[in-house]
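The values are calculated or read from the model by the stated rules, or taken from the named source; none is laboratory data. Bear in mind the structure is a predicted one, so any value in this text is a computation, not a measurement. Cβ sites come from the backbone with ideal geometry, for glycine too, and all protein chains shown count toward neighbours. Areas reflect the complete protein model, heavy atoms only, side chains present, ligands, DNA and RNA absent. Shrake-Rupley method; radii C 1.70, N 1.55, O 1.52, S 1.80 Å.
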Amino acid sequence: MDADWTEKYRPRALKDIVGNASALERLRRWGESWSNGAPEKRGVILAGPPGVGKTSAAHALAFEFGWEVIELNASDQRNAGAIKSIAHRGAIFEGFSHTGEFRRARDGGRKLIILDEADNIFGREDAGGARAIVQMLRETMQPVILIANDYQKLKQKSGEIVSSCITLYFDLPSEFQVSRLLSDIAGKEGMKATEGFFGMLASQCGGDVRSAVNDLQSFSKGGKNVLEEKDIASIGYRDVQIEPEIFVRNLFAARNMGEARRAYREFDGTPDEAMLWLDGNMTAGMSGAEDLSKGYAMLSSADLFLGRANRAKIYSLWPYAIDMMTCGIAVSRKSRAVGAEFKLPFWLIMMSRSKASRGVRNGLCMKLARYTHTSSSAIASQDLAYYSRMLEDDQELRGHMAAALYLTEAEVGYLLRERTDSERVAQVMAEVRALEEKGRKGTGALQVQGGPGAG
Amino acid sequence: MNDIWVEKYRPKNLDEVVGQAEAVKRLKAYAQGGSLPHLMFAGPAGTGKTTCAIALARQLFGENWRNNFHELNASDERGIDIVRGKIKDFARTAPFGKVPFKVIFLDEADALTSDAQAALRRTMERYTATCRFVLSCNYSSKIIEPIQSRCAVFRFRPLEDAEVISYLKKIAEAEKLKVSESAYDIIAYHAMGDLRRATNSLQAAAAMAKSIDDDVVHKTSALARPEEIAAMVKEAVAGNFSGARGKLDKLLIDLGLSGEDILKQLHREVLEGDINISEEDRIRIIERLGEVEYRLIQGGSDRIQLESLLAWIASARVKRTA
């Protein structure tokens with residue numbers, strides 16, 4: 001079997017990476033700065049969409065400077081403990097080279113620590129991880145690279161990490177650059193194709209070099225002499241499916257049960273998807289409070305059937321759910337919505353927009369729940385309102401609780417209804433550090449009461 | 001202030017527990033005897049169930065009580081996995097030090113699915129040599145019969161206003177607060193026998209103002225009632241479904257409330273709120289709330305079921321009194 005081309009042609013040196021010349025140049029200069037001891041910024045964040053060469057750049061850098069690599073990716077648990085142990089293993093002290101020769105960190109035998117998917121850390125499992133990373137960035141004698149797809153998310157989670165690093169943005173490479181790379185690889189593999197073929201493949205990948213190389217490899221077995229643009233079309237890239245918008249339009253136009261059932265048959269989604277789209281477009285499709293109420297009564301029954309089906313794993317209930325939502329809507333409509341516009345359910349948009357802040361809120365509720373011996377839903381539904389009020393008004397309590405609960409910047413920001421990088425949040429975090437400092441000196445400033453699991 | 005008062009003033013031993021004299025008396029007998037059956041604490045929030053469980057453990061195990069006491073909240077980890085994983089792991093290991101058994105406190109046990117409860121029953125039987133369970137729940141009837149019959153059941157009742165107030169006064173004294181008498185009454189009235197809520201309300205008031213009077217506590221009492229609830233009902237009653245749904249989205253997404261939380265708040269709002277409908281229609285809505293809650297328990301989704309409720313209210317089915 002052939003090797004995976006994305007691995008086979010993974011760039012070994014920085015110059016082999018497609019695009020992003022200036023970011024790569026700055027990365028190289030940062031690498032050079034380590035030859036005279038640790039520079040001021042010991043960490044670099046490589047930010048940008050997937051498949052544009054961030055990980056490759058980190059490895060290429062290590063290769064060029066002869067550094068060893070320690071990788072921590074999301075599948076490892078990266079909580080405070082794990083990070084500290086890595087930091088102490090490689091980051092602060094010296095290491096041995098491949099040949100077993102002892103190398104002092106100062107002499108250049110460094111270890112590059114790579115934290116992949118850095119924007120996904122510090123969930124529930126990574127409590128205290130952010131702070132451990134910040135500490136590592138301050139104390140380490142080893143270069144650290146953090147890789148993130150979503151820079152804003154990383155910044156939201158920890159402004160402090162971001163401010164202790166140099167950030168380098170990786171943009172999508174141009175189609176021209178990608179098509180040239182594809183043509184190079186094809187040349188090495190003895191594949192023949194027209195310029196147009198490479199251009200089209202490059203334009204389809206949306207800048208994701210990795211997926212372009214994968215696509216190219218999939219054509220290598222075709223046995224055809226010279227590949228052309230039309231060969232790409234023949235492969236068929238996406239599954240053809242009736243768009244949900246069309247399903248919704250057909251359903252709200254259905255005059256009877258037969259038409260309603262046909263509308264669903266043509267739609268290739270699950271009942272849950274159908275429900276989501278119908279619900280999101282009910283106000284557009286049903287006119288008048290009376291029709292709307294009857295329509296919702298039908299959706300509500302369908303929803304109940306779906307819930308029972310999913311819970312008890314009795315999928316024979318699905319047809320009833322489907323009939324309730326499709327035929328049910330068709331028969332409960334008395335008047336006709338004219339010229340209605342159907343669109344992506346607002347709920348979906350809201351959910352995706354609020355993803356980050358919901359994550360922060362859930363983490364915060366969980367910490368408060370453990371501390372006050374209750375459930376996070378009790379906190380969310382009642383106590384959080386009190387606590388955010390107290391913390392907003394009482395500066396002393398704010399610092400103490402932020403320290404006792406190991407709150408992150410984002411959580412403090414959520415409580416105070418301020419941006420994560422606002423001055424007030426920074427102020428609270430400074431108070432926390434002061435308290436921790438005091439605690440270390442043994443004044444017991446951090447001794448707050450609480451039952452099991454409080455600390 | 002440097003701590004949350006709910007924790008700072010949580011009673012450390014059974015003698016300090018507010019109210020619940022009957023339960024405390026029996027629990028103290030267990031603590032003195034050093035033995036324990038499985039226990040079930042049933043009662044509303046903020047009446048001392050968790051406090052009693054912790055105080056009992058302190059008295060049974062002394063200084064190192066934490067080694068032999070494990071607290072879990074079933075509402076946060078409700079699946080069967082919690083029973084098969086965490087609970088079993090803790091139950092099957094020998095107690096630490098010279099004590100005959102360890103204690104697992106399973107809070108909000110009524111949130112466990114019936115499968116999980118069945119698994120729990122087996123675990124309780126199997127590890128009874130090394131482990132005692134203290135289950136807490138709002139209603140004992142939500143716990144399957146075989147578990148109930150294996151437990152000594154304790155009922156926790158909502159606290160009297162006078163009990164709430166005397167506890168608040170102790171805090172006020174320790175924290176050197178100035179609180180007017182009528183402010184205590186208002187806090188206790190809104191707390192409805194829930195000491196946690198009363199304490200939080202007092203602390204929020206203390207954070208807001210140096211001297212705590214009626215005005216301040218009216219503000220803090222309103223904190224636990226999101227204004228979106230009242231606004232949502234108003235929109236629905238006015239026949240504006242889209243407006244009502246906008247508020248619902250906010251409650252579900254921004255505030256993270258569950259469907260059942262929202263129903264409880266709605267219940268209160270329909271009972272007491274300033275809404276422009278007849279009492280007859282209020283009752284019709286309340287009946288509907290019960291129906292919706294039942295549907296949620298059966299597996300309906302929060303959003304669709306509540307939307308359907310709002311659409312029902314918004315339609316002509318509830319007649320508005322001009």
Select from segment A:268-314 the residues that are part of a helix (DSSP H, G or I) and of a type in the set (Asp, Glu) and write down the one among them that is farthest from the other protein chains (Cβ to nearest Cβ).
-> A:Glu273
Look through segment A:332-368, keep the residues that are among the small types (Gly, Ala, Ser) and in contact (Cβ under 8 Å) with a residue 40 or more places away in the chain, and return whichever of them is least open to solvent (accessible area, probe 1.4 Å).
-> A:Ser332
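Kindly provide the set of residues from segment B:91-138 that are assigned to a loop (DSSP other than H, G, I, E, B) and within 19 Å of B:Pro37 (Cβ to Cβ), ordered by number.
Residues satisfying the conditions are B:Pro95, B:Val99, B:Pro100, B:Phe101, B:Tyr127, B:Thr128, B:Ala129, B:Thr130.
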Per-region count, segment B:139-160, residues surrounded by fewer than 21 Cβ atoms within 10 Å (Cβ to Cβ), in a loop (DSSP other than H, G, I, E, B) and not acidic (Asp, Glu) | 5
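Of all residues in segment B:69-89, which are of a type in the set (D, E, K, R) and either under 21 Å from A:Ser375 (Cα atoms) or open to solvent by less than 30 Å² (accessible area, probe 1.4 Å) (or both)?
Those that are of a type in the set (D, E, K, R) and either under 21 Å from A:Ser375 (Cα atoms) or open to solvent by less than 30 Å² (accessible area, probe 1.4 Å) (or both): B:Glu71, B:Asp76, B:Glu77, B:Arg78, B:Asp81, B:Arg84, B:Lys86, B:Lys88.
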Within segment B:226-237, is even one residue assigned to a helix (DSSP H, G or I) and at the interface with chain A (Cβ under 9 Å from one of its Cβ atoms)?
-> no
Could you run through segment B:186-227 and say how many residues are touching a residue at least 12 places away in the same chain (Cβ under 8 Å), exposed (fewer than 15 other Cβ atoms within 10 Å of the Cβ) and farther than 24 Å from A:Ile379 by Cβ?
-> 3
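Yes/no per residue for (1) surrounded by 14 or more Cβ atoms within 10 Å (Cβ to Cβ); (2) of a type outside the set (D, E, K, R); (3) under 21 Å from A:Pro173 (Cα atoms):
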{"site": "A:Ala3", "(1), (2), (3)": "no, yes, no"}
{"site": "A:Asn20", "(1), (2), (3)": "yes, yes, yes"}
{"site": "A:Leu27", "(1), (2), (3)": "yes, yes, yes"}
{"site": "A:Trp34", "(1), (2), (3)": "yes, yes, no"}
{"site": "A:Glu40", "(1), (2), (3)": "no, no, no"}
{"site": "A:Gly53", "(1), (2), (3)": "yes, yes, yes"}
What helices (runs of 4 or more DSSP H), lying completely within segment B:2-68, carry at least 3 residues that are in contact (Cβ under 8 Å) with a residue 12 or more places away in the chain and surrounded by 15 or more Cβ atoms within 10 Å (Cβ to Cβ)?
-> B:21-33, B:49-61
Considering residues of segment A:413-426 that are closer than 16 Å to B:Leu255 by Cα and open to solvent by less than 20 Å² (accessible area, probe 1.4 Å) only, the residue farthest from the other protein chains (Cβ to nearest Cβ) = A:Gly413
Please work out if B:Ala204 is touching a Lys or Arg at 6+ places or on another chain (Cβ under 8 Å), more than 14 Å from chain A (Cβ to nearest Cβ) and not in a loop (DSSP other than H, G, I, E, B).
-> no
For segment B:67-85, which residues satisfy the criterion of being among the acidic types (Asp, Glu) and modelled with pLDDT under 90?
-> B:Asp76, B:Glu77, B:Asp81
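Here's the yes/no breakdown for (1) more than 14 Å from chain A (Cβ to nearest Cβ); (2) at pLDDT 95 or above:
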{"position": "B:Ala23", "(1), (2)": "yes, no"}
{"position": "B:Gly33", "(1), (2)": "yes, no"}
{"position": "B:Ala45", "(1), (2)": "no, no"}
{"position": "B:Thr51", "(1), (2)": "no, yes"}
{"position": "B:Trp65", "(1), (2)": "no, no"}
